[in-house]
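In what follows, a single structure is set out as structure tokens and then discussed.
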Amino acid sequence: MPLYMHKETFNIFGGYYITDFRNENCFEVDELIARPIQILNRKGYFTTQCCSGHPFMIPMKKVHEAINNESYIAFQEGIALPSVPRGFKKVHNGYRVLIFRLYLDKKDYECLREIFKSMELLYLWALNLPEFKSLRKKI
């Protein structure tokens with residue numbers, strides 16, 4: 001189910017019937033990572049992109065072959081993270097910070113279990129972060 005997050009309030013809206021939120025005031029967000037993204041943005045850790053991971057993507061070559069999958073969050077320029085959630089890695093991509101977790105060679109439900117665990121860790125990490133004070137940029 002697609003979810004949409006308002007760029008100013010970070011309220012989350014969901015459901016296929018929603019069409020009013022598919023505009024410049026909202027952005028689409030994966031269902032599993034929506035709450036951590038909401039918390040991060042409300043605390044001032046403004047994000048630019050994210051993905052919870054997609055365990056059921058079928059590789060082009062073989063249907064039964066495992067694929068490398070990942071969860072990630074990219075932050076706006078100038079965001080400084082005091083910590084990183086357990087199991088995630090942090091890289092600097094130019095002026096921005098990106099945190100990610102890879103699910104190497106995991107298949108379907110094994111990957112889904114790992115994604116659920118990661119989203120819970122991400123959620124708890126975001127809840128425990130202090131407020132980040134910065135000049136806010138439009139998303």
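Odds and ends about this structure:
- Taken over segment 95-122, the residue count meeting the criterion of being open to solvent by 90 Å² or more (accessible area, probe 1.4 Å), of a type outside the set (D, E, K, R) and within 22 Å of residue 34 (Cβ to Cβ) is 2.
- Segment 102-111, subset in contact (Cβ under 8 Å) with a residue 40 or more places away in the chain and assigned to a strand (DSSP E or B), residue farthest from residue 76 (Cα to Cα): 106
- For segment 61-81, the tally of residues that are open to solvent by 50 Å² or more (accessible area, probe 1.4 Å) and at pLDDT 90 or above stands at 4.
- Scanning segment 1-24 for residues that are modelled with pLDDT under 80 and hydroxyl-bearing (Ser, Thr, Tyr) yields 16, 17, 19.
- Some residue of segment 82-94 being in contact with a Phe, Trp or Tyr (Cβ under 9 Å, 6 or more places away or on another chain), of a type in the set (Ser, Thr, Tyr), at pLDDT 90 or above and surrounded by 16 or more Cβ atoms within 10 Å (Cβ to Cβ): no
- For segment 25-60, residues that are open to solvent by less than 10 Å² (accessible area, probe 1.4 Å) and modelled with pLDDT under 90 total 1.
The values are calculated or read from the model by the stated rules, or taken from the named source; none is laboratory data. Every value quoted in this text rests on a predicted model; they were computed, and no experiment measured them. Because the Cβ atoms are built from the backbone with ideal geometry, glycine has one as well, and the counts that use them run over all protein chains shown. Please note that ligands, DNA and RNA were not included when accessible areas were found on the heavy atoms of the full protein model with its side chains. Shrake-Rupley method; radii C 1.70, N 1.55, O 1.52, S 1.80 Å.
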